[in-house]
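Asks: Take a look at this one; I'll ask things after.
The values are calculated or read from the model by the stated rules, or taken from the named source; none is laboratory data. This structure is a prediction, so every number in the text was calculated from the model and none was measured. Neighbour counts are summed over all protein chains in view; Cβ atoms, including those assigned to glycine, are modelled from backbone coordinates with ideal geometry.
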């Protein structure tokens, strides 16, 4: 298990002095990438063979949003790695060890040269620290279904250069942030699922569409010609 420590700062919170969804997603992402760098043989393979890791899905269960000034421990561990996919749990706890946010991700290994999925060699996979711990959350399916119909256009945005990460595509947390910004003021949630489908391109005009059914709201983020890049589902647990 790999851990980073973080104190919730002014840039992390909204007007309610609570950690924002976007800041939480970025903390989860940071911890995961630092853990990858700590796996020396694995990280060397990624660098030398020009292999990228792209999220296929993320699930976030929110038990509570920490407030400004709270000391946090963000922990992550890989619990399985098969063929072209890696599976990890990442948790955010407060200074007392109370679980605030539980996250589960599935990532794919992709050749940065060909753009195609790449099977991780067994010799490299065997160097990874695998922690088959019992999950602290309910694992839901990776795919997020989109309701029938065209939905309602809830917003648009252009992919800006500050949203592009070191893999030269729209940072995975930006899909969550962009979807969250379009939610109705009266809508509440404590669970998010993201189904990543295609990479948004720098400068691309994106359209955000909504389908709402009671306490469940599905958001599709689409690029040029309706190319669907991600589907984000907001709901309540239980």
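Asks: Can you pull out every residue in region 1-30 that is assigned to a loop (DSSP other than H, G, I, E, B) and over 23 Å from residue 232 (Cβ atoms)?
Replies: Of everything in region 1-30, those that are assigned to a loop (DSSP other than H, G, I, E, B) and over 23 Å from residue 232 (Cβ atoms) turn out to be 1, 8, 9, 17.
Asks: Here is a list of conditions, (1) at pLDDT 95 or above; (2) out of contact with any helix residue (DSSP H, G or I) (no Cβ under 8 Å at 6 or more places or on another chain); (3) in a helix (DSSP H, G or I), and residue 33 meets all of them except one; can you say which number that is?
Replies: All conditions pass for residue 33, except number (1).
Asks: Another one. Between 153, 124, 146, which is modelled with pLDDT of 90 or more and part of a strand (DSSP E or B)?
Replies: Criteria check complete, one pass: 153.
Asks: Would you check which residues across region 47-68 are part of a strand (DSSP E or B), over 17 Å from the mean Cα position of the chain (by Cα) and farther than 29 Å from residue 97 by Cα and list them?
Replies: 51 - this is the single residue of region 47-68 that is part of a strand (DSSP E or B), over 17 Å from the mean Cα position of the chain (by Cα) and farther than 29 Å from residue 97 by Cα.
Asks: Counting just the residues of region 69-85 that are assigned to a strand (DSSP E or B) and over 19 Å from the mean Cα position of the chain (by Cα), which one comes out farthest from residue 12 (Cα to Cα)?
Replies: Within region 69-85, the match that is farthest from residue 12 (Cα to Cα) is 82.
Asks: Return the total of residues in region 107-117 being within 20 Å of residue 172 (Cα to Cα) and touching a residue at least 24 places away in the same chain (Cβ under 8 Å).
Replies: Total satisfying the criteria: 7.
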